Amino acid sequence: MKIKKTAALLFALLMFGTGALADEITVIVNGNKIESDVPAMVINDRTMLPMRAIFEELGANVTWIGEEKLIFATEGPNMVVMQIDNPVMSVQRIGEEGIEAVELDTAPFVYNDRTLVPVRAAAEALEATVQWDGETKTVTIVK
């Protein structure tokens, strides 16, 4: 088991570069610092965080369908659908027609048995406001 975790870490470092894990990134939602067993990381200039950490902190119910690698998050009138390795997120709002397809710079992926999603895309899909402070490496989300 330890070999698998070490191999996964080495793979992530090779794939994403050492900068992805080197700097600690803070994510604050409505004044609360998000704590997660997998820390936030930057991939392709996007902050990634485990799906449950971000969606549940924003008050969403999260469903994972492993066979299809699908993520469903619902909160109020909002439904967000993401899929592992798929750079398109679907957003539907109850009472509105159509489904909005949002092209993601970084697709959700699995790291250390956690599904990481782009923080800004997830938060904005649930109608939250997102700010980034590059000096302190802090994402602030208000809903």
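The values are calculated or read from the model by the stated rules, or taken from the named source; none is laboratory data. This structure is a prediction, so every number in the text was calculated from the model and none was measured. Virtual Cβ from ideal backbone geometry, glycine too; neighbours counted across all protein chains shown. Heavy atoms of the whole protein, side chains included, go into the accessibility calculation; ligands, DNA and RNA do not. Shrake-Rupley method; radii C 1.70, N 1.55, O 1.52, S 1.80 Å.
Considering the range 47-68 alone, what residues qualify as being buried (at least 16 other Cβ atoms within 10 Å of the Cβ) and charged (D, E, K, R)? Within the range 47-68, Arg52, Glu56, Glu57 qualify. Going by the structure shown, is Glu127 more than 19 Å from Ile34 (Cα to Cα), surrounded by fewer than 19 Cβ atoms within 10 Å (Cβ to Cβ) and modelled with pLDDT of 95 or more? Spelling it out, it is not the case that Glu127 is more than 19 Å from Ile34 (Cα to Cα), surrounded by fewer than 19 Cβ atoms within 10 Å (Cβ to Cβ) and modelled with pLDDT of 95 or more. Scanning the range 73-130 for residues that are basic (Lys, Arg) and over 15 Å from the mean Cα position of the chain (by Cα) yields a single hit, Arg93. Scanning the range 109-139 for residues being under 19 Å from Glu75 (Cβ atoms), in contact (Cβ under 8 Å) with a residue 60 or more places away in the chain and not hydrophobic (A, V, I, L, M, F, W, C) gives a total of 3. Here Phe72 meets each of (1) of a type in the set (A, V, I, L, M, F, W, C); (2) part of a strand (DSSP E or B); (3) open to solvent by less than 10 Å² (accessible area, probe 1.4 Å) with one exception, condition (3). Just one of the listed residues (Thr106, Thr136) is part of a loop (DSSP other than H, G, I, E, B), open to solvent by less than 20 Å² (accessible area, probe 1.4 Å) and of a type in the set (Ser, Thr, Tyr), and it is Thr106. Taking the criterion of being within 14 Å of Met41 (Cα to Cα), in contact with a strand residue (DSSP E or B) (Cβ under 9 Å, 6 or more places away or on another chain) and among the small types (Gly, Ala, Ser), the only residue of the range 86-143 that qualifies is Ala107. Within the range 78-98, the residues that satisfy the criterion of being part of a loop (DSSP other than H, G, I, E, B) and surrounded by 12 or more Cβ atoms within 10 Å (Cβ to Cβ) are Ile84, Asn86, Pro87.
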